[in-house]
Amino acid sequence: MMVIGIILIFLLLVLLILFFLKQLWSRRHLPPGPLALPLIGTFLSFGLWLHEDYFLKPVKRYGNIYSLWYGQQLMVVLSGFKAVKEGMTNFPEEFSVRVETAFMNDFGKRKGIILSNGHTWKQQRRIGVTSLRKLGLGKKSIEHQIEDVAQSLVEIFRQTEGQPFDPSFSILNAISNVICALSFGHRFDLEDENFQKLVQALKIILNFIGNSFHVLYDLFPQLMRYLPGPHKKTLASVDIIHAFAKLEIEKHKESHSLHEPQDFIDYYFLQMEKSRNDPDSTYSEENLVQCIFDFFTAGTDTTFTTMMWALLLLTNHPDTQEKVQKEIEDVFGSSGSISYQDRKKLPYTNAVIHEMQRLKYVLLYGVPRQSAKDVTMRGYHIPKGTVIVPDLRSVLLDPEKWETPEEFNPNHFLDKNGKFIEREEFLPFGIGLRVCVGQQLARTEIFILLTSLLRAFSFRLPEGVKKLNETPVAEISTHPHPYKLCAIPTQA
């Protein structure tokens with residue numbers, strides 16, 4: 001028996017050696033990276049759980065383009081400004097395909113803007129870009145809706161009477177209501193039961209994406225579809241948001257505003273009418289529902305997380321906060337509205353907002369793509385079907401491009417005369433054909449919400465707290481740990 005055991009161990013070792021030799025040979029033209037284990041790939045090489053430097057550490061060993069394996073799926077990570085720009089600009093079409101995973105296919109049914117590809121994606125993206133641009137114009141523009149939301153948020157903060165409070169619930173409500181205004185043409189009372197169900201469903205979905213159950217679902221989809229767990233609750237939350245959107249769509253059918261569209265549903269219906277006789281049209285109610293869902297999931301979490309980091313950083317840096325408030329006071333006084341165009345009059349404020357987005361990028365890495373065909377980049381072979389990860393976080397922390405990449409330094413966006421400067425390396429909204437559709441909306445929201453709050457309050461640490469925790473909770477999004485602050489009114 002002992003001899004048989006020794007022989008089996010020997011055979012196992014031989015098989016493992018042959019496996020790794022075969023792996024080395026078959027992957028000799030790929031970008032370098034750690035050896036992959038059967039079934040689980042390379043993720044144990046950098047720790048079982050995601051962390052802040054998960055995709056930055058391999059660069060020191062393998063360089064700015066390296067390989068990882070997600071199970072049996074090859075991933076190529078592009079790190080740093082030069083590699084990301086080269087990949088996304090030299091291969092725009094090749095690297096424009098959205099990754100299809102088991103959960104994302106069940107999640108989005110290959111419809112809408114974010115999780116679709118090909119002709120469907122091009123048409124849905126086009127209506128998204130066109131309608132967002134048109135909704136930015138006129139007296140009833142989305143910017144005016146954001147200003148109203150900002151004033152409501154100020155009033156909610158005022159009710160705290162300077163006592164410590166958690167701002168997350170109020171901010172999430174406010175940003176969700178902006179998406180409601182964009183999609184449906186109206187906002188909801190915060191006490192509205194259906195609106196609160198919508199917000200809770202959003203929280204469940206955003207908390208699920210990127211966690212361990214999400215990973216297990218993608219690795220073992222056939223099994224996970226039959227097992228209980230948070231994935232079931234998440235997919236049920238998807239249905240809640242779909243049902244919410246469908247209800248609003250039915251209301252729009254009754255009002256018929258095609259000649260004077262007021263919101264995204266109106267513009268989409270208008271496009272459906274124009275394309276009624278086009279056999280290749282993908283404009284449909286199913287895609288409309290998914291587009292609205294995309295606005296809520298993508299447009300809520302990123303802006304919400306940015307706002308939470310912004311308030312945290314301003315509280316931790318009172319000198320910066322006071323300089324922003326002084327600039328706003330000097331230019332606009334204490335009354336009257338501030339529009340997004342007014343950012344040009346507020347160079348320091350604009351620089352602070354950009355620096356907060358740079359230092360505390362809201363994602364652990366850029367949104368993955370998939371190679372549509374075989375590509376050769378920097379002498380490496382990248383086969384068709386490879387997942388491409390443009391690591392935008394590495395761009396925003398690139399030591400070759402930023403003077404003090406790990407520090408909060410608004411001077412990154414100011415010249416020697418204090419004027420605001422655009423930076424090519426500032427890519428929080430992505431690069432290439434899949435650049436964020438809603439980046440203009442997000443920029444407008446963040447600017448108006450922050451300037452409105454900073455005119456009304458000074459944000460201070462609660463008594464006994466020396467500093468708010470700036471270490472992110474690393475998942476797919478990198479949000480701050482829960483915190484409380486004090487909103488002290490600036491005017492009696």
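The values are calculated or read from the model by the stated rules, or taken from the named source; none is laboratory data. This structure is a prediction, so every number in the text was calculated from the model and none was measured. In this analysis, Cβ positions are derived from the backbone assuming ideal geometry, glycine residues included, and neighbour counts consider all displayed protein chains. Note: accessible area is taken over every heavy atom of the protein model, side chains too, but ligands, DNA and RNA are not part of it. Shrake-Rupley method; radii C 1.70, N 1.55, O 1.52, S 1.80 Å.
Here's the picture: charge each Lys and Arg Cβ at +1 and each Asp and Glu Cβ at -1 in the chain, and of Ala245, Gln145, Ile4 the one pushed furthest to the positive end of that dipole is Ile4. Find the percent of Cα-Cα distances in the stretch 191-315 that exceed 25 Å, and round it to a whole number. Percentage above 25 Å: 42. What's the angle, to the nearest 10 degrees (0 to 90), between helix 193-208's Cα axis and the longest principal axis of the chain? Between the helix axis and the principal axis of the chain, the angle is about 30 degrees. Dipole size of the stretch 138-255 about its Cα centre, with +1 on Lys/Arg Cβ and -1 on Asp/Glu Cβ: approximately 480 debye, rounded to the nearest 20. Here the convex hull built on the C-alpha positions of the stretch 427-492 has a volume of 114 cubic angstrom per residue. Sparse packing (at most 16 other Cβ atoms within 10 Å of the Cβ) combined with a DSSP loop state is found for the following trypsin sites (Lys or Arg not before Pro) in the stretch 133-181: Lys139, Lys140. When the alpha-carbon atoms of the stretch 103-174 are used, the pair Rg, Dmax equals 18.3, 53 angstrom. The length gained by stretching the chain between Phe332 and Glu161 to full extension, at 0.36 nm per residue less their Cα-Cα distance, is 59.0 nm. Computed over protein heavy atoms with a 1.4 Å probe, the accessible surface of the stretch 249-365 works out to 42 Å² per residue.
Spatially close Lys pairs in the stretch 314-375, defined by Cα atoms under 27 Å apart and a spacing of eight or more places or different chains, total 8. On alpha carbon coordinates alone, what is the Rg over Rh value for the stretch 312-378, Rh being the Kirkwood radius? So for the stretch 312-378, dividing Rg by the Kirkwood Rh gives 1.24. Note on Leu216 and Gln341: the extension gain reaches 40.4 nm, defined as 0.36 nm multiplied by sequence separation minus the Cα-Cα distance. Think of each Lys and Arg Cβ as +1 and each Asp and Glu Cβ as -1; about the Cα centre, that makes the dipole of the stretch 305-442 roughly 620 debye. Of Tyr380, Leu363, Gln341, which is farthest on the positive side of the dipole of the stretch 326-385, counting Cα position, with +1 on Lys and Arg Cβ, -1 on Asp and Glu Cβ, and the Cα centre as origin? Farthest towards the positive end: Tyr380.
Computed extension gain for His29 through Lys373, at 0.36 nm per residue and net of the alpha carbon distance, reaches 122.3 nm. Straight-line cross-link partners of Lys197 among the lysines, defined as a Cα under 16 Å from its Cα and at least 8 positions apart when in the same chain: Lys233, Lys246.
Rounded to the nearest 500, the helix-only mean residue ellipticity at 222 nm of the chain stands at -16500 deg cm²/dmol, with each DSSP H run of n ≥ 4 adding -39,500 (n - 2.57).
Surface composition of the chain: carbon and sulfur make up 57 percent of the accessible area, probe 1.4 Å.
When the alpha carbon coordinates of the chain are projected onto the principal axes, the ranges are 87, 59, 45 Å, largest first. Between Ile9 and Ala102, the FRET efficiency from the beta-carbon distance, with R0 = 30 Å, is close to 0.25. One quarter of the surface of the convex hull around the alpha-carbon atoms of the stretch 258-320 equals 6.4 nm², the direction-averaged projected area. For the chain, the dipole from Cβ point charges (+1 on Lys and Arg, -1 on Asp and Glu) about the Cα centre works out to 1400 debye, to the nearest 20.
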